[in-house]
């Protein structure tokens, strides 16, 4: 059981896919302008990594080695299209804002990376947990970045005004740079910096 | 079993693909009605923006504010109506069909607030672009517009849909009378003042495509506009028609 708990918890902080492994940067820059988008994107990635790790782990002893990567891709593509279709049906406005990025989960290195590195060599339940954990780790960073970007870029959280109008009247202005992708990269850099100063073993000698 | 043999690999991949295809086909069929309803609601939302109508429930607001929704042909004659009860509208695929069709059926949405909305649809840089244009009673002056696109470049061409200032630039512009009905280009390249707006820098092709699309569709509607537009002159004409019989009385009074 310790193994499974570890599989789930490690990627959330100690082995976070974004801040430690530095995977999936592209989408985390693109969808973090607003919390809502980041939240749905994080959830989608979590479902995709979890389920595709589970399916690949179930199939792991039957997959022909020569078409291993192709089989993984087909499974991941299946999950991504399903998530995309469900979003289009039940969360149309979010699906419109996320547009191509849901489809691009398939190219997210985290998904394929975890299948190749973990799911093909471990039992299904542990793989599911590993996938979910990695998705959650990804989602967490996305939400943190989106929190700061939406708060300082638009003065809102989840679309609700949180910075009072009085501040704007007194001369406060939203930071336009926060809405642009470079700021996401800078915030991400800050998160990695904080994590490395806490976790000394990550620092290169 | 030898999982590395050719036969196994081929059979395995065939079975896998068939299963995946079946799952996807089932999901697509199951979710299609909900997705279509969403797309329709989105289309109606865009029409409402062009008609400057707002409301929390889009479908209810549409049913409440619409006066009539008709189909006209290229000569401006009415050839059919759209069902308002069922919120029937022409979606993008319907609009696309009209461009090449010999017998066109072009939708016109007339709202109670006097605004008439007509659609347009054409090719952008990467995929289709479309829009809804709301006209004042004279069917010449633009009141509001709403544009959409499938996949124009984010930050450049996508601005036609995203940037409020671009849509606002259309307000008050009119459809031209000569060769060019409407254009989207930089001021130096525009033929006339009031039947065009500035293009977006960095998005030349999308801007030009939008101008061409608007020009083409305004051309389709040209006859309808001339026949049904209510201008100051047509009002005076109508008044003269109505009071025509009274004129002799007025003269004799002199």
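Grab the helices (runs of 4 or more DSSP H) fully contained in segment A:138-201, keeping just those with 3 or more residues being within 19 Å of the chain's Cα centre (by Cα) and surrounded by 11 or more Cβ atoms within 10 Å (Cβ to Cβ). Can you show your working first?
Values: elements: A:165-169, A:176-179, A:181-198.
Answer list for segment A:138-201: A:181-198.
Can you spot a residue in segment B:9-29 that is within 14 Å of another protein chain (Cβ to nearest Cβ) and within 18 Å of residue B:148 (Cα to Cα)?
Restricting attention to segment B:9-29, the residues satisfying the condition of being within 14 Å of another protein chain (Cβ to nearest Cβ) are B:9-29.
Subset that is within 18 Å of residue B:148 (Cα to Cα): none.
The answer is no, given that none of the residues of segment B:9-29 is within 14 Å of another protein chain (Cβ to nearest Cβ) and within 18 Å of residue B:148 (Cα to Cα).
State yes or no: is residue A:88 surrounded by 19 or more Cβ atoms within 10 Å (Cβ to Cβ) and within 14 Å of another protein chain (Cβ to nearest Cβ)?
Numbers: surrounded by 19 or more Cβ atoms within 10 Å (Cβ to Cβ): yes; within 14 Å of another protein chain (Cβ to nearest Cβ): yes.
Taking the combined requirement at face value, the residue satisfies it.
For segment A:103-115, give me each residue that is in contact with a helix residue (DSSP H, G or I) (Cβ under 7 Å, 6 or more places away or on another chain) and either free of Cβ contacts under 8 Å to residues at least 24 places away in the same chain or away from chain B (no Cβ under 14 Å) (or both). First the steps, then the outcome.
Filtering segment A:103-115 down to residues in contact with a helix residue (DSSP H, G or I) (Cβ under 7 Å, 6 or more places away or on another chain) leaves A:103-106, A:108, A:110-112, A:114-115.
Answer for segment A:103-115, where residues must be in contact with a helix residue (DSSP H, G or I) (Cβ under 7 Å, 6 or more places away or on another chain) and either free of Cβ contacts under 8 Å to residues at least 24 places away in the same chain or away from chain B (no Cβ under 14 Å) (or both): A:103, A:105, A:108, A:110, A:111, A:112, A:114, A:115.
Residue B:2 - would you say it is out of contact with any strand residue (DSSP E or B) (no Cβ under 9 Å at 6 or more places or on another chain) and either part of a strand (DSSP E or B) or closer than 22 Å to residue B:122 by Cα (or both)?
Numbers: out of contact with any strand residue (DSSP E or B) (no Cβ under 9 Å at 6 or more places or on another chain): yes; either part of a strand (DSSP E or B) or closer than 22 Å to residue B:122 by Cα (or both): no.
When the stated conditions are applied, residue B:2 does not pass them.
State whether the residues of segment B:43-50 include one that is within 13 Å of chain A (Cβ to nearest Cβ) and either surrounded by fewer than 13 Cβ atoms within 10 Å (Cβ to Cβ) or over 22 Å from residue B:224 (Cβ atoms) (or both).
yes
I'd like to know if segment A:18-28 contains one or more residues that are within 14 Å of chain B (Cβ to nearest Cβ), surrounded by 20 or more Cβ atoms within 10 Å (Cβ to Cβ) and over 16 Å from residue B:16 (Cα atoms). Reasoning before the result, please.
So in segment A:18-28, the residues within 14 Å of chain B (Cβ to nearest Cβ) come out as A:26-27.
Now drop any that are not surrounded by 20 or more Cβ atoms within 10 Å (Cβ to Cβ), which leaves A:27.
Checking the rest, the ones that are also over 16 Å from residue B:16 (Cα atoms) come to A:27.
Yes; the residues of segment A:18-28 include at least one that is within 14 Å of chain B (Cβ to nearest Cβ), surrounded by 20 or more Cβ atoms within 10 Å (Cβ to Cβ) and over 16 Å from residue B:16 (Cα atoms).
Looking at (1) within 25 Å of residue B:136 (Cα to Cα); (2) part of a helix (DSSP H, G or I); (3) within 19 Å of the chain's Cα centre (by Cα); (4) touching a residue at least 40 places away in the same chain (Cβ under 8 Å), which one does residue B:206 not meet, given that it meets all the others?
Here residue B:206 clears every test but (1).
Just checking, how many residues over segment B:148-170 are in contact with a strand residue (DSSP E or B) (Cβ under 6 Å, 6 or more places away or on another chain) and either under 21 Å from residue B:223 (Cβ atoms) or more than 14 Å from chain A (Cβ to nearest Cβ) (or both)?
Step one: list which residues in segment B:148-170 are in contact with a strand residue (DSSP E or B) (Cβ under 6 Å, 6 or more places away or on another chain), which gives B:148-150, B:160-161, B:167, B:169-170.
Next, only the ones that are either under 21 Å from residue B:223 (Cβ atoms) or more than 14 Å from chain A (Cβ to nearest Cβ) (or both) stay: B:160, B:167, B:169-170.
Adding up the residues that qualify gives 4.
Would you please name the residue that is nearest to residue B:136 (Cα to Cα), looking only at residues in segment B:35-50 that are over 10 Å from the mean Cα position of the chain (by Cα) and touching a residue at least 24 places away in the same chain (Cβ under 8 Å)? Please lay out each step first, then the result.
So the first thing to find is which residues in segment B:35-50 are over 10 Å from the mean Cα position of the chain (by Cα), and the list is B:35-42, B:44-45, B:48-49.
Narrowing further to those that are touching a residue at least 24 places away in the same chain (Cβ under 8 Å): B:39-40, B:44, B:49.
Details: B:39: 27, B:40: 25, B:44: 19, B:49: 14 Å.
Here the residue is B:49.
Which condition number in (1) part of a helix (DSSP H, G or I); (2) under 14 Å from residue A:129 (Cβ atoms) is the one that residue A:15 fails?
Tallying (1) part of a helix (DSSP H, G or I); (2) under 14 Å from residue A:129 (Cβ atoms), residue A:15 fails exactly one: (1).
In segment B:53-75, which residues are surrounded by fewer than 16 Cβ atoms within 10 Å (Cβ to Cβ) and touching a residue at least 60 places away in the same chain (Cβ under 8 Å)?
Residue satisfying the conditions is B:75 alone.
Out of all the residues in segment A:18-38, which are in a helix (DSSP H, G or I) and either in contact with a strand residue (DSSP E or B) (Cβ under 6 Å, 6 or more places away or on another chain) or over 26 Å from residue A:57 (Cα atoms) (or both)? First the steps, then the outcome.
To start, the set of residues in segment A:18-38 that are in a helix (DSSP H, G or I) comprises A:25-30, A:35-38.
Within segment A:18-38, A:26, A:28, A:29, A:30, A:35, A:36, A:37, A:38 qualify.
Every number in this text was worked out from the coordinates using simple rules, so none of it is lab data. Being a predicted model, the structure only gives us computed values, none of them experimental. Neighbour counts are summed over all protein chains in view; Cβ atoms, including those assigned to glycine, are modelled from backbone coordinates with ideal geometry.
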